[in-house]
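A short worksheet on the structure shown next.
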Amino acid sequence: MTGEMNILPLPPTAPATPRGSTLSIDSPTPLHTGTLLSALVQDSQALKFVPLGSRSEQLAVTQQLASQQSRQGSLSGLLNVLQNLTDSGQTSSDLRAAADKLLAGLPDVHQLSTARGLALALANSGAFLESKLLNGQNPSLAPDMKGDLLRLINQLTPALASNTHLNGIIAADTLAQAVPSFVRNALGMLGQVSAKPSPTRFPLPERLLQSADGEDDLEHLLRLAAAAVSRLQSHQLSSLEQTGATSDGRLMSTWQLEIPMRTMQDIVPLQVKFQREETPEKQPPKERQPKQHLWRVELAFDMEPLGPLQVQAQLISGSLSSQLWAERPYTASLIETNLAALRQRLLSCGLNVGDIDCHLGTPPQGSQTRLEQRWIDETA
């Protein structure tokens, strides 16, 4: 089935357990014998069908997300090595230029404190590289984290082309192709995917790769760059996995990404997640009120001397509420004493400010709103 979700009333006499029963379906498009459908029984005794293509893509994304997360490595590990990259017989001028270009494109805290600077940092984070390419933009004209990483890998590959072990790394880890490409290729594996995956956790945990035995500097640098690409693609796939219709009919859009920011001499990765939630309109068009979107924003970073921090905020109709989490008691106390000043700054921006609280520890990782991904009659 294609197009919008379809709601089909069940017969009044539909049995509580419909296994083995026959149900007639009216579809706007032909349904051939053997067509696989995904449906949810509503409280009002109606079946809600979701387009097959959407379900297939969600399952493929879940499969690839698990693969990418197992390969990912922290951006800080790569960036620290690039900052200390020395000129040697192994380091070509092109490699040095690729490293310098990547480092030069990193924003600092001052840039991220302005609306324009933040917008540029989000656009250049690598999360939208494939979209830029599809729109015909030249990614070399502006900084792009993922594009710069792939150029760095391209400079490393010729020098190590004879190393068969690293050829495997290049083939398995860099995945220089665009996200839509490998998502489509993964559709052939759908028969192997049946279990419902666990909700995506935010923030993505740090993972530092150590040098392997007998590995020289360039080999280690290539592994770090490949792991960094997998990390960015983990964020992209997490965004896709959390975008779509929830089981209760709400529409969720998610953008998850990571921005390395300069703070004095350090580079601190900032993880960001935006979620927009929409409730489908049930009133006739003439009676509808202006649509209000619920926005959720999450931030996570680890900056000395404050330590790990997470921020969760919700915004709807100009009203903002927020929860802050600090893992160090000193930091939690410091934030607590400055909450009144934070509230005043938000009020001066024209926002209605609700609850703003600070907690010691980390946010609970309980049940989260997620997309249904069950197949009808999948065990038949």
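We did not get these values from a lab; they are worked out from the coordinates using the rules stated. Computed from a prediction, not measured in an experiment: that's the story for all the values here. In this analysis, Cβ positions are derived from the backbone assuming ideal geometry, glycine residues included, and neighbour counts consider all displayed protein chains.
With neighbours defined as other Cβ atoms within 10 Å of a residue's Cβ, the residues Arg276, Arg223 order from fewest to most as Arg276, Arg223. Extending 7 Å from Cα along the Cβ direction at Ser321 and again at Leu133 yields two label points whose distance is 4.2 nm.
Cβ crowding within 10 Å, taken as a proxy for footprinting-reagent exposure, orders Asp144, Asp216 from fewest neighbours to most as Asp216, Asp144.
Panel order for Ile153, Ile356, by other beta carbons found within 10 Å of each beta carbon, from fewest to most: Ile356, Ile153.
Please compute, over every Cα-Cα pair in the stretch 291-364, the percentage with a separation greater than 14 angstrom.
Value for the stretch 291-364: 62 percent of Cα pairs lie more than 14 Å apart.
Of the peptides 122-128, 96-102, the ranking by mean beta-carbon count within 10 Å, highest at the top, reads 122-128, 96-102.
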